[in-house]
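Report on the following structure.
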Amino acid sequence: MLPAAVLLADEGMWMPQQIPELASKLKALGFRGDPKTFADLTGQPMGAIVSLGGCTASFVSPDGLIVTNHHCATGGLQFNSTPQRNLLKDGYLAKTREEELPNGPGSRVFVTTSVTDVTGSITGNIDPKATDRERYDLIDRRTKQRIAECEKNGQRCNVASFFDGLKYFEIAQMEIKDVRLVYAPAEGIGVFGGETDNWRWPRHTGDWSFLRAYVGKDGKTATFSKDNVPFKPKHWLKVSTEGIKPGDLVFVTGYPGRTQRHQTYAEVKETTEWRFPRAIRLAEEQLVLLDQLSKQDKTIALRVAGRVQGLNNTLTNQKGMLEGLEKGGSLARKKALEDALESWIAADSARRKKYGDVLPALRALQAESERTREQTATLTTLATASSYLGAAQALYRLSVERPKADIDRDAGFQQRDWVRIRDGQDRLQRTMDVTVDRALLRWALGLAAALPAGQRIEALDQAAGLKPGLSKSDATSAIDAYVQALFAGTKLGDRDFRMGLLEKSTGDLLATKDSFLLLAAALEPTERENREAAKNRAGARARLAPLYMEAMLAQSGGLVAPDANGTLRVTYGQVKGVDAKDGLYYKPQTTLAGIVQKHTGEGDFNAPKAQLDAIRALRAGKKTPYLESALGDVPVNFLSTVDTTGGNSGSPTLNARGELVGLLFDGTYESVASNFLFDPLITRSIHVDARYMLWNMAEVDGASNLLEEILSASGPSAGIPAPRKTGATPVARGN
């Protein structure tokens, strides 16, 4: 059983099997379909929803055509680009199936087939006297065993924690490995507004792209081959040409990343006072470096485009969340909620006995993790800043884990992960650049040089000649000399050399005397010590956090959605504007008129000539079925009250009939702090209107082949069925 809930506005990234319990709320909003269909993951519409491993997408034809956001296709566009053929700038359209391009190593489409409650198998019958580490090891081992058993049938499986370890569900998915780039509009459409408009309203961004899933002729998953054929999904979404209007009920189905609404006050406080300010500062510093390097070389600009986009997106998002936590009062409200929980616990002797020690223990656990946070965070920054070091550490770790029995290998380095590690090393070649890596590694080493005495990375200090109290000029000189030596002594930038190390032993890796591999080996004892400490804390948290969640759920007395954790969810709301600030109201829709108003011909507001010509033709009287009569124009983007977060990018927006009316792609700056505390008054999500997508395909990009495929597939088979008069709708929800 899942916890039963309190219905607050449109809050909730609900598990599909919870939706039937929301029937009365949905009916009040005008829904006349059967809520049970959302719980059937193999039916319509849920069977059409897929994950790209970081973004959401959906099938829109019986031939495996997939629609998602433009920014979710950046990796594929970058992979297939050269300075002479820049798809990131110019976009891409395959007029035939033969012209569809491989989306690059590691591209995947995941189709969820079942969700099974496995709580008893993971946390049942654990000896109360077990140490925290014994508890961690047992849960880890049981999780791996469940996954291994689930994957015997060729599926990709995961065991996910819900309500902070109170419940565990096994997620089984079909993993499609041949993914191809089909269509993405030009940068002036797909990224119109750029960083100027990012997380802002009003928006006029054409954030869509199309991929296609391919499988072997036997219908089974297969790696890329010219002999592969389009995947035939059992379900796909009908794309509505009628669109939406203010007040309409909409659903968003997808794979939201992570929210932190059930975190303790101590955790949110650390995020507010340390993690976000640090992340914002580091993102700004990296962007300055990358901007300088990009201006010097077009090849560099192409290689770092994805990194720059990611840093900019994270920067704006975290600035908004920090502002909401501080000025918006979310942190203060979080403190008040926790104080109320403690008072509720203290008011009853049975509750005091069961829950009284939980919050103090969780606070102590948080304080323990904060003691080494500077060192831990800097080690992570070093590996993410330098592709060379990140590659070396992955290769070295793999060599250490490989000789172990598979169940004893750390998650992420088991045999099931080896293909992903290989794909990652292969794909890295399109973004690796020695000039960029030198600059970012030099910058990251500066962070290590500034660490306080109690959190130094001793192996790095010894290798680079750093120590506490070193003057800035002396530290810079030592870092410059060390960086020069590192790059003089490595061949990791060579793809063949790097790929040839994947199956080597630790001794073989060290025998290469590659400077980055030697650095990875030197850092490993510190990394391992930090991992062991984290495992001990995870064991303690596995004992405490479920009790904390149990207390919160008991106090609320109703139905509650678990925090987002990358698994399939459903959220619903209405198309609606918002009073964003004093004296400022956001209308719920934008139109082509805003593109013309914003267009400057340069920077973030450079609409393609073909689009401007099409708008002029429309103004001159050219007919289009995508015109909204109430607006007197083609709609571009719209706002809704649905509850979403990162990972929802590309999620289909469905009307009350289950038809695709748009794609979720962003939130508003004023409401991004809802990851920590939902605000029903101001929280809004931003969608691209499907009519804008179809209009561009027809009038701007000439994508008649795809338009015909989509519209011919949008027949009566799609949509949400009405409730059955007798019997129950079968649901794929496990035990």
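The values are calculated or read from the model by the stated rules, or taken from the named source; none is laboratory data. It should be emphasised that the depicted structure is a prediction, and the values quoted were computed from it without experimental measurement. No Cβ is skipped: glycine too gets one built from the backbone with ideal geometry, and neighbour counts run over all protein chains shown. Each accessible area value is taken on the protein alone, full model and side chains, heavy atoms only, with ligands, DNA and RNA left out. Shrake-Rupley method; radii C 1.70, N 1.55, O 1.52, S 1.80 Å.
Judged by the mean number of other Cβ atoms found within 10 Å, the most tightly packed of the peptides 673-683, 147-157 leads the ranking 673-683, 147-157.
Candidate membrane-span-like segments in the chain, meaning DSSP H helices with Cα atoms spread over at least 30 Å of their own axis and a Kyte-Doolittle mean of -0.5 or above, are 276-296, 515-556, with no membrane implied. Show me, for the range 251-268, the HN-Hα J-couplings you get by feeding each phi into the Karplus relation (A = 6.51, B = -1.76, C = 1.60, θ = phi - 60°), rounded to Hz, glycine and proline as x. Result, ordered by residue: 10, 10, 10, x, 10, x, x, 9, 10, 10, 6, 9, 5, 6, 4, 4, 5, 5 Hz. Comparing Cα centroids, the range 123-192 and the range 217-265 end up 18 angstrom apart.
The peptide list 640-646, 169-175, 132-138, 505-511, put in order of mean Cβ contacts within 10 Å with the highest first, becomes 640-646, 169-175, 132-138, 505-511. The alpha carbon gyration tensor of the chain gives principal lengths a ≥ b ≥ c with a/c below 1.5, which makes the shape rounded.
Other residues lying with their Cβ under 9 Å from the Cβ of residue 102 contribute a combined charge of -1, Lys and Arg counting +1, Asp and Glu -1. Shown here for the range 367-463: trypsin sites (Lys or Arg not before Pro) in loop regions (DSSP other than H, G, I, E, B) with at most 12 other Cβ atoms within 10 Å, namely 371, 404.
Averaged per residue, the chain has 42 square angstrom of accessible surface, using a 1.4 angstrom probe with ligands and nucleic acids left out. Here the sum of -39500 (n - 2.57) over DSSP H runs of 4 or more residues, divided by the residues of the chain, equals -13000 deg cm²/dmol at 222 nm, to the nearest 500. Local charge for residue 52 was computed over the other residues whose Cβ lies under 15 Å away, with Lys and Arg +1 and Asp and Glu -1, and equals +3. When you filter the trypsin sites (Lys or Arg not before Pro) in the range 195-255 for DSSP loop state and at most 15 other Cβ atoms inside 10 Å of their Cβ, you are left with 217, 220, 226, 234. Rounded to the nearest 20 debye, the dipole magnitude of the chain is 860 debye, with +1 charges on Lys and Arg beta carbons, -1 on Asp and Glu beta carbons, and the Cα centre as origin. Amide H contacts of residue 182: 210, 211, 212, each under 5 Å away and 5 or more positions distant or on a separate chain (H built 1.01 Å from N in the peptide plane; Pro and chain starts excluded). For the range 549-627, the set of trypsin sites (Lys or Arg not before Pro) satisfying both a DSSP loop assignment and a count of at most 16 other C-beta atoms within 10 Å is given as 622, 623.
Given a Förster distance of 51 Å, report the FRET efficiency between residue 406 and residue 97 from their Cβ-Cβ distance, rounded to the nearest 0.05.
After rounding, the FRET efficiency stands at 0.85.
When the charge dipole of the range 503-563 is built from unit charges on Cβ atoms (+1 for Lys and Arg, -1 for Asp and Glu) and taken about the Cα centre, the candidate among 534, 518, 507 whose Cα reaches farthest toward its positive end is 534. Relative contact order for the chain: 27 percent, from Cα pairs under 8 Å spaced at least 6 residues apart, divided by residue count. The phi-based Karplus calculation (6.51 cos²θ - 1.76 cosθ + 1.60; θ = phi - 60°) puts the 3J(HN,Hα) values of the range 79-96 at 4, 9, 9, 9, x, 7, 9, 8, 6, 4, 8, 9, x, 7, 9, 8, 7, 9 Hz, whole numbers, x for Gly and Pro. The order of the peptides 84-91, 350-357 by mean Cβ neighbours within 10 Å, most packed first, is 84-91, 350-357. Pairs of lysine residues in the range 465-517 that meet both criteria, 8 or more places apart or on different chains and Cα atoms under 30 Å apart, total 5. For the range 93-218, a/c is not less than 1.5, where a ≥ b ≥ c are the root eigenvalues of the C-alpha gyration tensor, and a/b does not top b/c. That puts it in the oblate class.
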